[in-house]
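Just so it is clear, none of the values below were taken in a lab; they were calculated from the coordinates. This structure is a prediction, so every number in the text was calculated from the model and none was measured. A quick note on method: Cβ atoms are made from the backbone with ideal geometry, for glycine too, and the neighbour counts reach across all protein chains shown.
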Amino acid sequence: MTLFVSYNKRYVMNIEKLRLLYFSPTQTTQKVLNAIAAGVQSDAVIHIDLTLPDSIRSKEPGKEIRIDDGLTIIGVPVYAGRVAPDAAGRIRQYKADGTPAVLVVLYGNREFEDALRELKDLAVDAGFRPIAGGAFIGEHSFADSKFPIARRRPDHKDIEKCSEFGALLRKKAQQVDSIDSIPIPKFPGNYPYRDPNLLEDISPETLEDLCTRCGTCVSVCPTAAIVLEDKVVTETGTCIVCCACVKNCPTGARVMKDPKILGIAEWLWKNYSKRKEPEIFFG
């Protein structure tokens, strides 16, 4: 059955047309959005993957990409309690006109702090109307066998909760006559946002004896910080320490050896190893 929810005089929302707009270097955010979409059970699901550099279209005013129909789920990872900066920049390429949106942040079992509030502000500035949101947990970028912070999450329990959230979104869509009757949720977080204190001039290293120069690390890097020459070269000033290269390297040649990162990973494991559960928000 097709559901139509009127939300202004010019057009209607068709929940059967669902867009997933996401930045997901290690695929965890994408997994969460896929599971939510499975619960919504739309006829058509359109993926807009903002992860790689080729997703950057135009930064010129007036040349933004329009999203003026359907329902959009926007998903981003949390970096130090904030929306990942590259995700924020790429989301700003898109403009809407009251298009309903569901906002999703994914964090590594510490805290999501101001990220969901910041994503709401980004969405509203872009012309979306947030109708719901959620904070979900995924394996931390710094997780490894020694410090398995939220290892292998989202797991089957998380995926079930994502699907349930999607089903609830569909049910609520059936219960409203107009988008105006859905209040914008009050998401946790503060403004001004916290100082993210992001790591700079740090990047994974390559173990030359294990590297086959296959180029996987180059292909998954969201900022084009890795170049394959006679050996793998990483531009530390461009690296965002997402660890996509580490988690995707087929031979285990990409590793994080920086003492600061290893210290953070140990601290996270000691203080935030207790399992946290997803949180969802409606108005």
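In table form, for the structure just shown:
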{"read-out": "Distance between segment 81-102 and segment 199-267 - C-alpha centres, whole angstrom", "value": "27"}
{"read-out": "Only Lys, Arg (+1) and Asp, Glu (-1) charged, at Cβ; the chain dipole about Cα centre in debye", "value": "660"}
{"read-out": "Under Karplus coefficients 6.51, -1.76 and 1.60, residue-wise ³J(HN,Hα) of segment 66-83 in Hz, glycine/proline x", "value": "8, 10, 10, 8, x, 10, 10, 9, 9, x, 9, x, 9, 10, 6, x, 10, 5"}
{"read-out": "For HIS47, distant residues with modelled amide H under 5 Å away", "value": "LEU20"}
{"read-out": "Expected 222 nm ellipticity per residue - DSSP helices of 4 or more, -39500 (n - 2.57), all of the chain, to 500", "value": "-7500 deg cm²/dmol"}
{"read-out": "GluC sites (Glu not before Pro), loop per DSSP, at most 16 other Cβ atoms within 10 Å - longest free stretch of the chain", "value": "1-110"}
{"read-out": "Trypsin sites (Lys or Arg not before Pro) lying in DSSP loop within segment 175-283, provided at most 16 other Cβ fall within 10 Å", "value": "LYS186, ARG194, ARG213, LYS231, LYS257, LYS274, ARG275"}
{"read-out": "Length-normalised contact order of the chain in % [C-alpha pairs under 8 Å, at least 6 apart]", "value": "21"}
{"read-out": "Hz values of 3J(HN,Hα) by residue in segment 221-236 - Karplus curve (6.51, -1.76, 1.60), Gly and Pro given as x", "value": "6, x, 10, 6, 7, 10, 10, 9, 10, 5, 8, 6, 10, 10, 7, 4"}
{"read-out": "Under-5 Å amide H pairs with VAL232, H placed in peptide plane, nonlocal only", "value": "none"}
{"read-out": "Amide H contacts of ARG153 (H built 1.01 Å from N, under 5 Å, at least 5 apart or other chain)", "value": "GLU139"}
{"read-out": "Relative contact order of segment 175-283, defined on C-alpha pairs under 8 angstrom at six or more residues apart (%)", "value": "33"}
{"read-out": "Spacing of the two label points (7 Å from each Cα toward its C-beta) at ASN190 and GLU160, in nm", "value": "3.7"}
{"read-out": "Förster-model FRET efficiency, 22 Å R0, VAL124 and LYS171, C-beta, rounded to 0.05", "value": "0.35"}
{"read-out": "Reach of LYS31 by Cα under 17 Å, taken over aspartates and glutamates that are not fewer than 8 positions away in the same chain", "value": "ASP49, GLU139, ASP155, ASP158, GLU160, GLU164, GLU277, GLU279"}
{"read-out": "Too-long pairs where the Cα-Cα distance tops 28 Å, listed order kept, from LYS161/LYS260; LYS186/LYS270; LYS120/LYS171; LYS95/LYS172; LYS17/LYS161", "value": "LYS161/LYS260; LYS186/LYS270"}
{"read-out": "HN-Hα J in Hz across segment 30-47 - Karplus 6.51, -1.76, 1.60, θ = phi - 60°, x for Gly and Pro", "value": "4, 4, 5, 5, 4, 5, 5, 4, 4, x, 5, 6, 6, 5, 10, 10, 10, 8"}
